[in-house]
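Let me begin by presenting the structure, written as structure tokens, before commenting on it.
The values are calculated or read from the model by the stated rules, or taken from the named source; none is laboratory data. Nothing here was measured: the structure is a model prediction, and the numbers come from that model. FYI the Cβ positions are ideal-geometry reconstructions off the backbone, even for glycines, and counts take in every protein chain you see.
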Amino acid sequence: MSDPFSTLGVGEDADDDQIKQRYLSLVRLFPPDREPERFQAYRAAYEALSDQRKRLETKVLGTRDAALGRIKSHLLAPSKPVCARASKTTVTALLIDGIDRACGQDGTA
Amino acid sequence: MCSLAAKASEAMRLGDFKEAIELLKRLVKQDPLPRWRDMLADAYAGRARSLAAKGMFDEAETALNKTAVADGTVREPLLYVQCLAKRGQLGKAFQHAVKYIGTDKVPAASAARMAELTAALWLVAPVRVDAQADPSSELGQWAQSAAAAQQSLAAWVEGKPAHEIEPLLSRIPMRSAFRPLRLILKSLITAPTDPARARQLLDGIGRQSPFACWREAVAAALPGEAQEPPTNATPPSRAQCLFAAEVKGLPAGGSQLLAEFVKAERSGAAALMTFLTSHAAALPATEAKSACFNLLPRAPDRLRQVESTFGSLAEFDRARILALAAEAANDWERAEEQWCVAAKATERSADPESRLMAGVIYRHVAGLAETHPEIAGEGTSPSIDYLEGSLRADPDHIPAVLKLIGLYRTEGQDKDWHRLAEDAAQRFPQQSAILLQAVDSAIARKAYKKAVGFARRILALDPINQAVRQRMIELQISHARRQARSKRADLAWKELANAAEWERPDAPSARLCVNQGLVAWELGNAADAEARLRRGVELAGGGVVGWFCASVEHARMKGGAASGAVLRAELVRAQKAVAPSKEEILSVALGMSDGEITEASKEIAPLVFRIRGWLLQGASLAWSAAEIHPVCEMLRLAGAYDLLADYARLALLRTPDDATWKLYRVMARVKGDAERLSVREEDELMDLVEDAEARQDFHTANRIERFLDSVPDFPKGAASHSARRGPSAKGIGSVDDIEEGFISQLLAVSLEETPPEMVERLVAKLGRERAISAVLERLRRTPVGELFPVENIRRVAEEMVNSICGKTSKSVA
């Protein structure tokens, strides 16, 4: 399973209450009947963090990419609003990445 | 031809498309009917799907080409276009995809994805779409949307203001395949004024869309926090980072750092740590340090580099990292060693969380010890050692307590089991699972009052806990049975009254009711007794099943003759009433599989003979191998080997190659005694083991091995089969080759099969000569018969018949 702290979007020092509130807000945003896969991911992450011992297990026995994610956000820090434009080449590269990913998603191709 | 078609259909059903293609090609060659061609195309499409799933897009494309019809369209258009795109042939992919616009040749399930893929392909490599197309046709409308999309994108890239882009966007219909592009561009022009609305617009683009990468890049660049955390752990691609840098106008240095970060991330943990340590000053210190600590288990050789940048690691952190690295390298001894160092480092701390952490580590190592024998621990059982350690550090972890109790029980450490169960019951008085363990422990050490106390506490917490009610009822019935056997029916009655207190009115116990009836009979209250007995029988399933259950209870209790006579008569009547069903026979068999009943097999076995006729009728039912095991076990337990032989014989007529039935046939022949197996039978069973293992039927293989291993003096296990095979018929040069003791044993076993009374009957019925042939035939099926030449066996048969004839003539004289 991916880092449950990142999945729920909570800090490693979050307590039971904060984690529960965050989980419930995500479930409200993405209810299981509309987003079953997302709900399962949130549920699994919540199960892994729902009490102190489980959080310790996650922290001690696993490795997490939350810090890397925060570094990435730092590097992408919105120093300016999104007002400039990207080049056609970059957009084309994004579309090619997207086509490649979409062609390999359904388990057939 | 029909056979070819059937084989092809079966191959298709099994997903063996390669075989199906071969068969259908032959079929089409013989008779080129459209339906065979159709099936062949289906087979090619199936083959293409399986090839694409393995990443063999080139081969998948070739397979799909075989399904092409005159206009160039293929069976699985989406898959075909995906294969071309995966191979980088984006232009060709578009040229093919465009053929389907305005047709109904794409299955509805994949139509939307096909449309978006076509749109994205066109944006990447725009080509002129058929200009002759009628503007009102679907292709014509598509071409108009495509043109609007291209113009909108160009306007945005050129930096035109929002009010100029808006009208272009509005020319892209929301139902068209270019809708994702409209949403993205709208989001980008909305972002400077309303980032929340911009983010909301992006939600309209699916995760499987070819526009999803672009959508993610826009989302990452938008200011403010996403409502949804990123669930996808995939790092942003180079294009995504570049896009973020371009739209935000990041300075060249920042963009450079981001590009380096993305490159390092793609190169692996070691490169990423090099990046983090070399740019530590430009990055947030805490995050960089934390990121390095989390990367170190994947590249422990960078430990020194990280320590020189961020300072020395604490003893716990260092040991934890090395333990995780050792686990990743499957070095379990080192993992154990390092986890112990980490646990000891935390145990020393007075901080409660550190002690919990030590508990986590010890439980983890205990779990590892179950699957990795390299983990040795310090005592006899590493799992027990580490679970004990975990409870010293964290005594309140209930799953660990339950697990340790279970381990003490299975390892036979009864003293520790009882101590821990008792302590846990005191420590966790509100935990049913712990209290149930305490009940079991108290019952095992015959502390009956304690067991009752724990059981009452469980029921106070959980009034419908059927497990504890059943356990207490069984316990008190068992006490009552002992009292009844000592002719103290009054005390037995009292025990059963106590047992009744555990019963739930909506879930009456058949066994309790039957026992009450039987004890009431002993107390002389025949009318009440019979009523209870009949109710108990009904609860137990009625008919043969119910009366058999009552008879079993009677036998275990050593009940009186009067009640025994009633039971016998009722059992006979029930057998006559209706033919047996599989369910009824299985109910009888499962009732006999109870552990206590198995122990009392001597008392119970004669009861099986009372329902012998009924069971014999059941032999002709179509039993499956899985169903029959409890029945055969019951017959084995009762020593009813002739019935077992009938069951096996009739089943082998239905399924001649079934290993289970062959085992039971052999088992019946040797009367359940593996020591009586002939060499040929042993060979047959060992062949069955090998066959079962070859087809991975380990249940059957283990069952046969357990039977073979029940020979006390023989080496155990499948590996030693050849060792146990002993002197084989092939290997015997003469009788002298065999030990005298061995021959005596074989003779004793063989002659037991043909006792003098039988020989006498044969002589009387068939006469001397035919009796000799009959005895010879019987002896040939015995271990001796399989070992010795037929002449020798004939001499033994003659001697046996002669001795009987001699006796007979003497008695006549």
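Could you grab me the full set of residues in segment B:357-369 that are surrounded by 22 or more Cβ atoms within 10 Å (Cβ to Cβ) and either under 20 Å from A:ASP13 (Cα atoms) or more than 10 Å from chain A (Cβ to nearest Cβ) (or both)? Write out each step before concluding.
Taking segment B:357-369 and keeping what is surrounded by 22 or more Cβ atoms within 10 Å (Cβ to Cβ), we get B:357-363, B:365-366, B:369.
Those that are surrounded by 22 or more Cβ atoms within 10 Å (Cβ to Cβ) and either under 20 Å from A:ASP13 (Cα atoms) or more than 10 Å from chain A (Cβ to nearest Cβ) (or both): B:MET357, B:ALA358, B:GLY359, B:VAL360, B:ILE361, B:TYR362, B:VAL365, B:ALA366, B:ALA369.
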For segment B:316-334, the count of residues that are more than 14 Å from chain A (Cβ to nearest Cβ), surrounded by 14 or more Cβ atoms within 10 Å (Cβ to Cβ) and in a helix (DSSP H, G or I) equals 2
Checking B:ASN498, B:ASN525, B:ASN515 in turn, the sole residue that is of a type in the set (S, T, N, Q) and buried (at least 24 other Cβ atoms within 10 Å of the Cβ) turns out to be B:ASN515
Among residues of segment B:43-73 being in contact (Cβ under 8 Å) with a residue 24 or more places away in the chain and over 36 Å from the mean Cα position of the chain (by Cα), the residue nearest to the other protein chains (Cβ to nearest Cβ) is B:GLU61
Within segment B:143-172, restricting to residues that are in contact with a Lys or Arg (Cβ under 7 Å, 6 or more places away or on another chain) and away from every other protein chain (no Cβ under 14 Å), the one that is surrounded by the most Cβ atoms within 10 Å (Cβ to Cβ) is B:ILE172
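Would it be correct to say that B:GLU791 is of a type in the set (D, E, K, R), at negative phi and at pLDDT 75 or above? Write out each step before concluding.
Values: of a type in the set (D, E, K, R): yes; at negative phi: yes; at pLDDT 75 or above: no.
Answer is no for this residue.
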Apart from one, (1) more than 10 Å from chain B (Cβ to nearest Cβ); (2) part of a helix (DSSP H, G or I); (3) of a type in the set (A, V, I, L, M) all hold for A:ALA14; the odd one out is (2)
By my count, helices (runs of 4 or more DSSP H) wholly in segment B:591-681 with at least 1 residues that are under 29 Å from the mean Cα position of the chain (by Cα) are B:595-599, B:625-637, B:641-654, B:659-669
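Which residues, counting only those in segment B:507-536, are under 37 Å from the mean Cα position of the chain (by Cα) and either modelled with pLDDT of 90 or more or not charged (D, E, K, R) (or both)?
Residues of segment B:507-536 under 37 Å from the mean Cα position of the chain (by Cα): B:507-512.
If the condition is that a residue be under 37 Å from the mean Cα position of the chain (by Cα) and either modelled with pLDDT of 90 or more or not charged (D, E, K, R) (or both), then B:ALA507, B:PRO508, B:SER509, B:ALA510, B:LEU512 are the ones that fit.
Does B:THR309 count as among the polar types (S, T, N, Q) and over 30 Å from B:GLU265 (Cα atoms)? First the steps, then the outcome.
On the way: among the polar types (S, T, N, Q): yes; over 30 Å from B:GLU265 (Cα atoms): no.
Judged against the criteria, B:THR309 is not a match.
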Here the residues within segment B:382-412 that are over 30 Å from the mean Cα position of the chain (by Cα), of a type outside the set (Lys, Arg) and surrounded by fewer than 19 Cβ atoms within 10 Å (Cβ to Cβ) are B:PRO395, B:ASP396
Restricting attention to segment B:176-197, the residues that are more than 8 Å from every other protein chain (Cβ to nearest Cβ) and modelled with pLDDT of 85 or more number exactly 15
Restricted to segment A:17-49 and to residues being of a type in the set (D, E, K, R) and more than 11 Å from chain B (Cβ to nearest Cβ), the residue surrounded by the fewest Cβ atoms within 10 Å (Cβ to Cβ) is A:ASP33
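Yes/no matrix, rows are residues, columns are (1) modelled with pLDDT under 90; (2) over 56 Å from the mean Cα position of the chain (by Cα); (3) over 17 Å from A:ALA86 (Cβ atoms):
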residue	(1), (2), (3)
B:ALA108	yes, no, yes
B:ALA131	yes, yes, yes
B:ASP134	yes, yes, yes
B:SER137	yes, no, yes
B:ALA154	no, yes, no
B:GLU158	yes, yes, no
B:MET174	yes, no, yes
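Run down B:LEU272, B:LEU296, B:LEU313, B:LEU276 and say which single residue is at pLDDT 85 or above, on the phi < 0 side of the Ramachandran plot, hydrophobic (A, V, I, L, M, F, W, C) and not in a helix (DSSP H, G or I).
Details: B:LEU272 fails: not in a helix (DSSP H, G or I); B:LEU296 fails: not in a helix (DSSP H, G or I); B:LEU276 fails: not in a helix (DSSP H, G or I).
After ruling out the rest, the residue left standing is B:LEU313.
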Restricting attention to segment A:17-40, the residues that are in contact with a Lys or Arg (Cβ under 9 Å, 6 or more places away or on another chain) and at pLDDT 85 or above number exactly 5
Of those in segment B:66-85 that are of a type in the set (Val, Ile, Thr) and surrounded by 16 or more Cβ atoms within 10 Å (Cβ to Cβ), the residue farthest from B:PRO34 (Cα to Cα) is B:VAL81
- request: Would you check if there is a residue in segment B:6-23 being free of Cβ contacts under 8 Å to residues at least 40 places away in the same chain, facing chain A (nearest Cβ under 10 Å) and in contact with a helix residue (DSSP H, G or I) (Cβ under 9 Å, 6 or more places away or on another chain)?
  value: no
A careful count of residues in segment B:469-491 that are among the small types (Gly, Ala, Ser) and surrounded by fewer than 18 Cβ atoms within 10 Å (Cβ to Cβ) gives 2
In segment B:403-459, anything touching a residue at least 12 places away in the same chain (Cβ under 8 Å) and among the hydroxyl-bearing types (Ser, Thr, Tyr) is listed as B:TYR408, B:SER432, B:SER441, B:TYR448
Per the filter on segment B:82-128, residues farther than 21 Å from B:LEU51 by Cα, part of a loop (DSSP other than H, G, I, E, B) and either charged (D, E, K, R) or within 11 Å of chain A (Cβ to nearest Cβ) (or both) are B:ASP104, B:LYS105, B:ALA125, B:PRO126, B:ARG128
In segment A:56-75, anything in contact (Cβ under 8 Å) with a residue 40 or more places away in the chain, part of a helix (DSSP H, G or I) and within 22 Å of B:PHE316 (Cα to Cα) is listed as A:THR58, A:LYS59, A:ALA66
Within segment B:271-288, restricting to residues that are surrounded by 20 or more Cβ atoms within 10 Å (Cβ to Cβ) and more than 8 Å from chain A (Cβ to nearest Cβ), the one that is nearest to A:GLY62 (Cα to Cα) is B:MET273
